[in-house]
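Student: Let me give you the structure first, and then I'll get to my questions.
Please treat every number below as a calculation from the coordinates, not as lab data. What you see is a predicted model; the values in this text were computed from it and never measured. Cβ: placed from backbone, ideal geometry, glycine included. Neighbour counts: every protein chain shown.
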Amino acid sequence: MRWLVTGGGGMLAQDLETVARQAGHDVEVLARHELDITDPQACELAVQGADVVVNCAAWTAVDDAETREAEAFAVNAVGPANLARAASRAGARLVHVSTDYVFAGDAGSPYPEDGPVAPRSAYGRTKAAGEWAVRAEAPDHLVVRTAWLYGAGGPCFPKTMARLAADRDELSVVDDQAGQPTWTVDLSDLIVRLVEAGAPSGTYHGTSSGSTTWFGFTRAVLDAVGSSTVLLPTTSEKFVRPAPRPAYSVLGHDALDAIGVTPIGDWAERWEAAAPAVLGVSSR
């Protein structure tokens, strides 16, 4: 199959290109300067000849979106609408990557794929609008929500924590936000498996299994680099940000189980496999 991947240069697009090619697919990756997804005519031209279009392009500056929502909306909602319309006309399947931020983040059990969306931030609102547009414009679609992404190809939480730990004797990290650290390689593999399985159109959750907090994830990061930095738990109230962060970002995987596609493994096991590539450390 011929794949077109948007958002080239980003952490996910880099790994998806590698994983899809290893699976035997013909992959073209376009960066923002090569394809502006807010331009409908550019999208129409770009998707010609593609069997699968994967939208990894997104406005991900969560805090900036609070004051620049119109710009975020253009990338996260108008862009996906353009791609969905173009893919549908070209007879291509559209895979759209979305986020846990479409939920309120106040649940006590994993969010189901068909749970009601209730975004609390501008970023979440624009991503929820993008999901709606994809469903409306492309009958043959896969919406894949993910969260807490990290990878070797760009800035991410583990790299930041490892760098801070190298310079400080003590770190305070929030311990009241729960989620599922997810490796971009694993998400890429899941996307390929969904497409190859001919998964029914719908919404799926592309996160690791299990859950932890940012404090727990940082503990795993420091263990991976052998750091002796003292790690202290703190609360979200001590780290106020312009955009509210979900307190609970754990996503369920029932839709994957229902079609016989294996979800990504436990976050801790996957982090152990990922750490050497992400942090440049030796595996233990």
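Student: For the stretch 213-284, what class follows from the C-alpha gyration tensor (a ≥ b ≥ c being the square roots of its eigenvalues): rounded when a/c is under 1.5, otherwise prolate if a/b is larger than b/c, else oblate?
Tutor: Taking the square roots of the gyration eigenvalues as a ≥ b ≥ c, the stretch 213-284 is oblate.
Student: With a ≥ b ≥ c the root eigenvalues of the C-alpha gyration tensor of the stretch 65-130, is it rounded (a/c under 1.5), prolate (a/b larger than b/c) or oblate?
Tutor: Oblate, since a/c reaches 1.5 and b/c is not below a/b.
Student: While we're looking at this one, here's another question. What's the local net charge at residue 82, with K and R +1, D and E -1, over the other residues with C-beta under 13 Å away?
Tutor: Around residue 82, the surrounding residues sum to -2.
Student: Please state the charge dipole magnitude for the chain, taken about the Cα centre, from unit charges on C-beta atoms (+1 on K and R, -1 on D and E), reported in debye and rounded to the nearest 20.
Tutor: 180
Student: Counting DSSP beta bridges in the chain, what percent are antiparallel, to the nearest 5?
Tutor: 5
Student: Please find, in a Gaussian network model of the chain (springs between Cα atoms separated by less than 10 Å), the residue of 140, 186, 39 whose mean-square fluctuation is greatest.
Tutor: Its mean-square fluctuation being the largest, the pick is 39.
Student: Could you please report the charge total around residue 233, scoring K, R as +1 and D, E as -1 over all other residues with beta-carbon less than 13 angstrom from its beta-carbon?
Tutor: That works out to -2.
Student: Would you please give the FRET efficiency between residue 262 and residue 68, computed as 1/(1 + (r/R0)^6) with r the Cβ-Cβ distance and R0 = 51 Å, to the nearest 0.05?
Tutor: 0.85
Student: Most exposed first by the Cβ proxy, i.e. fewest other Cβ within 10 Å, how do 85, 135 rank?
Tutor: If I rank by nearby Cβ atoms, fewest first, I get 135, 85.
Student: Further question: If you take the square roots of the eigenvalues of the alpha-carbon gyration tensor of the stretch 1-48 and sort them as a ≥ b ≥ c, do you get rounded (a/c under 1.5), prolate (a/b over b/c) or oblate?
Tutor: It is oblate, given that a/c is not under 1.5 and a/b is not larger than b/c.
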